[in-house]
Amino acid sequence: MGTGRQQMLWRVMADIVVAVHATYVAIVVVGLAAILIGSAAQWRWVRNFCFRAAHLAMILLVCAEALVGTTCPLTRLENTLRLRGGETGYASDFIGHCSIG
């Protein structure tokens with residue numbers, strides 16, 4: 001199982017993965033809202049090709065994971081780190097877990 005310090009390190013790394021995962025979700029959701037609002041408000045930056053391409057790629061990645069039926073790699077990584085840290089992982093997906101608890 002490991003020492004208390006090692007377990008704490010695994011837990012901190014799992015928390016970092018959660019922060020990255022939440023940021024990813026926020027970029028997808030807030031990005032879509034920004035595109036819709038920005039188009040109506042005529043904000044030029046929401047028409048930026050790089051922004052739109054990155055946003056679309058992020059959405060397509062999530063769609064591909066859903067179509068294939070795989071668990072998100074960030075969810076798997078977090079669960080692995082939590083288990084190494086002496087905690088329990090979760091069986092549902094990231095959004096399902098966060099919205100329940």
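Overview of results
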read-out	value
Student exercise, segment 4-90 dipole from Lys, Arg, Asp, Glu Cβ charges, in Debye to nearest 20	180
Overall Cα dimensions of the chain - principal axes, largest extent first, Å	55, 29, 25
Gain in span if fully extended, Arg76 to Asp15, counting 0.36 nm per residue against the direct Cα distance	20.6 nm
Helix runs (DSSP H) in the chain reaching 27 Å along axis by Cα, Kyte-Doolittle at least 0.5	4-41, 49-68
Gain upon complete extension [Leu83, Ala33; 0.36 nm per residue less C-alpha separation]	14.4 nm
Over the chain: helical MRE at 222 nm, DSSP H runs n ≥ 4 each giving -39500 (n - 2.57), nearest 500	-26000 deg cm²/dmol
Rough spin-label spacing in nm, given labels placed 7 Å along Cα→Cβ, for Asn48 and Thr23	1.6
Leading residue at positive end of dipole, segment 4-90 (Cβ point charges), from Gly89, Thr71, Leu32	Leu32
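None of the figures in this text is laboratory data; all of them are computed from the coordinates on show. Only a predicted model underlies this, so the values are computations on that prediction, with no experimental measurement involved. Cβ atoms come from the backbone with ideal geometry, glycine included; neighbour counts cover every protein chain shown.
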